[in-house]
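Values quoted throughout were computed directly from the atomic coordinates according to the rules given, and no laboratory measurement underlies them. Just so it is clear, the structure is predicted and the values come from calculations on it, not from any experiment. When we count neighbours, we look across all protein chains shown, and the Cβ atoms used for this are built from the backbone with ideal geometry, even at glycine.
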Amino acid sequence: GQAFFENAGGSYTCKPVIDRLTRFYHQRKVQPYGPYEASRLGGEEMDEARARLAAMMGIATDELSFGPSTTANTFVLSQAFRRFLNPGEAIVVTDQDHEANSGPWRRLGDEGIEVREWKIDPETGHLNPERLKPLLADGKVRLVAFPHCSNVVAEINPVAEIALVYAAGAATCVDGVSHAPHGIPDGSARLGPTSTCSAYKVYGPHQGIMAIRRDLQAATEPGVLVQRRHRRQASRRPGRITRRSRPAPGWRTTSMRFTHIISCAPRPIRASAATRFTT
């Protein structure tokens, strides 16, 4: 046999996942939640994926979002945050991050947002929380983006300790992609309001997973972070396929329940633009 030690390269998809994907694409890839068998089974399978993954992560189902990749999810999330950040306010990024969790936030500097860098200890590669405190001292920081585990220096950061900045008025975005092979993100362990990881790191399909806490969703302006689902609530009449129930143009459906993170930016964020940054 062979062993592959390519943490950054992802994992092989295991056979049960391939079998379910094959069944879905051969038998159930139709408009879900309709009044016929393939549609009913497809919708149930999407719901099952959402419910089981949310339970594994210790979060509610409406706090879980899927996307084409973590890179694309982070890009779209940064555009959503852009809507309620004011010029002169600040975000914090690190020099320990993968480009995908740093670049989208750094580009907000072009919008008048101050970008502050939380630097690693050059001797140890460690992100010392004590070095973060001066960056937060003036109360202008609204977001701290950092990795759970750095694929640059193989450092595991004290996420629960860092996430306490949320109580001081700064949200956190935890990039859990490199840490996922060592442990699925646990939402009950104070990961902060936003965390990301990728299914392809843990024997799943190439898909991004993002958890956004309800309190953060409520704190944003209406419509900034919106999850659109194929199925409307019980008020929809059985079998009726409405315009709003169809997938939004430009987004790719997946075998899991198709959930969007929509930004109310001046121009729509489409998958074709977001995935240019996909690695």
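Of note:
- Gain upon complete extension [A55, I18; 0.36 nm per residue less C-alpha separation]: 11.2 nm
- Neighbours of C149, meaning other residues whose beta-carbon lies under 10 angstrom from its beta-carbon, give a summed charge of -2 when Lys and Arg score +1 and Asp and Glu score -1.
- Normalised contact order of segment 61-191, rounded percent, pairs of Cα under 8 Å and 6 or more residues apart: 22
- Surrounding net charge for W105, when Lys and Arg each add one and Asp and Glu each subtract one, Cβ distance under 13 Å: -4
- Counting Lys and Arg as +1 and Asp and Glu as -1 over every other residue whose Cβ lies under 15 Å from the Cβ of T22, the net charge comes to +3.
- Once the Cβ-Cβ distance of E114 and D215 is raised to the sixth power relative to R0 = 22 Å, the FRET efficiency obtained is 0.35.
- Look at where the Cα atoms of segment 84-144 and of segment 18-72 average out, and the two centres are 35 Å apart.
- Extension reserve of the H126-R107 stretch, reckoned as 0.36 nm per residue once the Cα distance is removed: 4.4 nm
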